[in-house]
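Below you'll find the structure, written out as structure tokens, and then a few comments.
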Amino acid sequence: MGVLDGRVAIVTGAGRGIGREIARYMASEGARVVVNDLGANPDGTGTGRIADDVVAEIRATGGEAVANYDTVATLAGGRAIFETAMDAFGECNVLVNNAGILRDRTLVNMTEAEWDAVMNVHLKGHFCCTQPFAQYIRATSRYDCSIVNFSSTSGLFGNFGQTNYGAAKAGIAGFTRVLALELMKYQCGVNTIAPAAATRLTIDLMRASGRDVNPDDPLQGPQQLGPVITWLVSEAARGITNQIFFVSGTLLGIMQQPKVVSQFVTDHLWTLDELDRAIPRLVAAKKKHDTQVDRHAIARTL
């Protein structure tokens, strides 16, 4: 018996890296899986049927899976991915929006095409794949569904040379917050993952920062995401929604959402003299809050 027995999952970008490990782990826990991958290069160019290899791996271990090669960057592609699940398995319970590309460049040198390509795959891709699934949840009044969206520390913390990627990933966190509210009626868990795993999209950046990276190490590579995502779409996670989880090797954390941490009020429009006093005090209060959060978030073992 697996924790996902009887469930049907779509995993986008599942031909390599994190998506592949998620698809394989879910299948090992009983899920029937749609392995979606365009087969593109890290920058999104090119195509290939690498999803077939993952399907073969899953089937070789007794699991059930089908391949899909459509792009996530168009609504037609998103609908085709969803229809693959319906045609093959007759239902769908889980969507993992993992597909992604990189076109890194500083803003002053970035082209419009580099901006658009990243936005289309990441932020628009989440919309294109999620809308048909959300429409299905509403039309059938399903109460057993889960969605996991992929943000990044590049969007939540910032990272030099990734304004396009960071903006898309920050947008995905906002997308998730709203979607969680819209699907709350159907008890659909909608959560965000911010991973820190060595993959073909991240390994060069990690090494450039001076880290000794080995993607074959399960604690550094994409293998670390399989159990976490599988748990988040299982029955054990029912009631958990609108959260951002950070996963990095042996570290599992939860991130704070935007909150007002300090405020002043007046009965009139702010004057510049008042702002001279108020804004530095607000910034100081925010720094104090961040320090307290950092102290509280010291890693602990179970």
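Give the number of residues within segment 88-102 that are surrounded by fewer than 20 Cβ atoms within 10 Å (Cβ to Cβ) and in a loop (DSSP other than H, G, I, E, B).
Qualifying residue count, segment 88-102: 2.
Looking at this structure, is residue 158 in a loop (DSSP other than H, G, I, E, B), assigned by TED's automatic domain parsing to the domain that holds residue 97 and over 20 Å from residue 240 (Cα atoms)?
For residue 158, the condition - in a loop (DSSP other than H, G, I, E, B), assigned by TED's automatic domain parsing to the domain that holds residue 97 and over 20 Å from residue 240 (Cα atoms) - is met.
What number of residues in segment 16-34 are assigned to a loop (DSSP other than H, G, I, E, B) and within 16 Å of residue 222 (Cβ to Cβ)?
Restricting attention to segment 16-34, the residues satisfying the condition of being assigned to a loop (DSSP other than H, G, I, E, B) are 16, 29-31.
If we keep only those that are within 16 Å of residue 222 (Cβ to Cβ) as well, we get 16.
So the answer is 1.
From (1) free of Cβ contacts under 8 Å to residues at least 40 places away in the same chain; (2) closer than 24 Å to residue 188 by Cβ, pick out the condition that doesn't hold for residue 53.
That leaves (2) as the condition not met.
Of everything in segment 24-40, what is under 27 Å from residue 165 (Cβ atoms) and free of Cβ contacts under 8 Å to residues at least 60 places away in the same chain? Give them in sequence order. Before you say what the answer is, go through the steps one by one.
So the first thing to find is which residues in segment 24-40 are under 27 Å from residue 165 (Cβ atoms), and the list is 24-26, 33-40.
Listed by number, the residues that qualify are 33, 34, 35, 39.
Report the residue count in segment 207-261 for those that are within 25 Å of residue 292 (Cβ to Cβ) and at pLDDT 90 or above.
Here is the first cut: in segment 207-261, the residues within 25 Å of residue 292 (Cβ to Cβ) are 240, 242-248, 250-261.
With the extra rule that they be at pLDDT 90 or above, the set shrinks to 240, 242-247, 252-261.
Qualifying residue count, segment 207-261: 17.
Consider only pairs whose beta carbons are under 8 Å apart and that are at least six residues apart or on different chains; among these, list those whose first residue lies in segment 283-300 and is over 14 Å from residue 251 (Cβ atoms) and whose second residue is surrounded by 10 or more Cβ atoms within 10 Å (Cβ to Cβ).
Listed pairs, sorted by first residue: 285/261; 285/262; 286/261; 286/262; 289/261; 289/262; 293/256.
Across segment 144-166, what is the number of residues that are out of contact with any Cys (no Cβ under 6 Å at 6 or more places or on another chain), crowded, with 18+ Cβ neighbours inside 10 Å and either of a type outside the set (S, T, N, Q) or more than 22 Å from residue 44 (Cα to Cα) (or both)? Steps first, answer last, please.
So the first thing to find is which residues in segment 144-166 are out of contact with any Cys (no Cβ under 6 Å at 6 or more places or on another chain), and the list is 144, 146-166.
Applying the additional criterion that residues be crowded, with 18+ Cβ neighbours inside 10 Å yields 146-152, 154-156, 162-166.
So of that shortlist, the ones also either of a type outside the set (S, T, N, Q) or more than 22 Å from residue 44 (Cα to Cα) (or both) come out as 146-148, 150, 155-156, 165-166.
Count: 8.
Do we find that residue 84 is among the polar types (S, T, N, Q), modelled with pLDDT of 95 or more, surrounded by fewer than 24 Cβ atoms within 10 Å (Cβ to Cβ) and assigned to a helix (DSSP H, G or I) in this structure?
Numbers: among the polar types (S, T, N, Q): yes; modelled with pLDDT of 95 or more: yes; surrounded by fewer than 24 Cβ atoms within 10 Å (Cβ to Cβ): yes; assigned to a helix (DSSP H, G or I): yes.
Here the answer is yes, as residue 84 does meet what is asked.
Which one of 137, 147, 172 is within 18 Å of residue 19 (Cα to Cα) and either in a helix (DSSP H, G or I) or among the hydroxyl-bearing types (Ser, Thr, Tyr) (or both)? Let's see the steps before the verdict.
On the way: 137 fails: within 18 Å of residue 19 (Cα to Cα); 147 fails: either in a helix (DSSP H, G or I) or among the hydroxyl-bearing types (Ser, Thr, Tyr) (or both).
Only one candidate qualifies: 172.
Going through segment 239-256 one residue at a time, which ones are in contact with a strand residue (DSSP E or B) (Cβ under 7 Å, 6 or more places away or on another chain) and assigned to a loop (DSSP other than H, G, I, E, B)?
240, 241, 242, 243
Scan segment 171-185 and report the pairs whose first residue is within 18 Å of residue 94 (Cβ to Cβ) and whose second residue is modelled with pLDDT under 95, with Cβ atoms within less than 9 Å and a gap of 6+ or a chain change.
172/152; 172/155
Inside segment 35-55, can you point out the residues that are more than 17 Å from the chain's Cα centre (by Cα) and not in a loop (DSSP other than H, G, I, E, B)?
Answer for segment 35-55, where residues must be more than 17 Å from the chain's Cα centre (by Cα) and not in a loop (DSSP other than H, G, I, E, B): 51, 52, 53, 54, 55.
Consider only pairs whose beta carbons are under 7 Å apart and that are at least six residues apart or on different chains; among these, list those whose first residue lies in segment 126-138 and is over 11 Å from residue 10 (Cβ atoms) and whose second residue is crowded, with 20+ Cβ neighbours inside 10 Å and among the aliphatic types (A, V, I, L, M).
Listed pairs, sorted by first residue: 126/172; 128/72; 128/73; 134/183; 137/183.
Select from segment 131-159 the residues that are of a type in the set (S, T, N, Q) and at pLDDT below 95 and write down the one among them that is farthest from residue 96 (Cα to Cα).
Step one: filter segment 131-159 for residues of a type in the set (S, T, N, Q), giving 131, 135, 140-141, 146, 149, 151-154, 159.
Filter once more, keeping what is at pLDDT below 95: 152-154, 159.
Values: 152: 15, 153: 18, 154: 19, 159: 24 Å.
Going through the qualifying residues, I end up with 159.
The values are calculated or read from the model by the stated rules, or taken from the named source; none is laboratory data. The structure presented is a predicted model; accordingly, all values stated were derived computationally and were not measured. Counting neighbours? That spans all protein chains shown, and the Cβs are built from the backbone with ideal geometry, glycine included.
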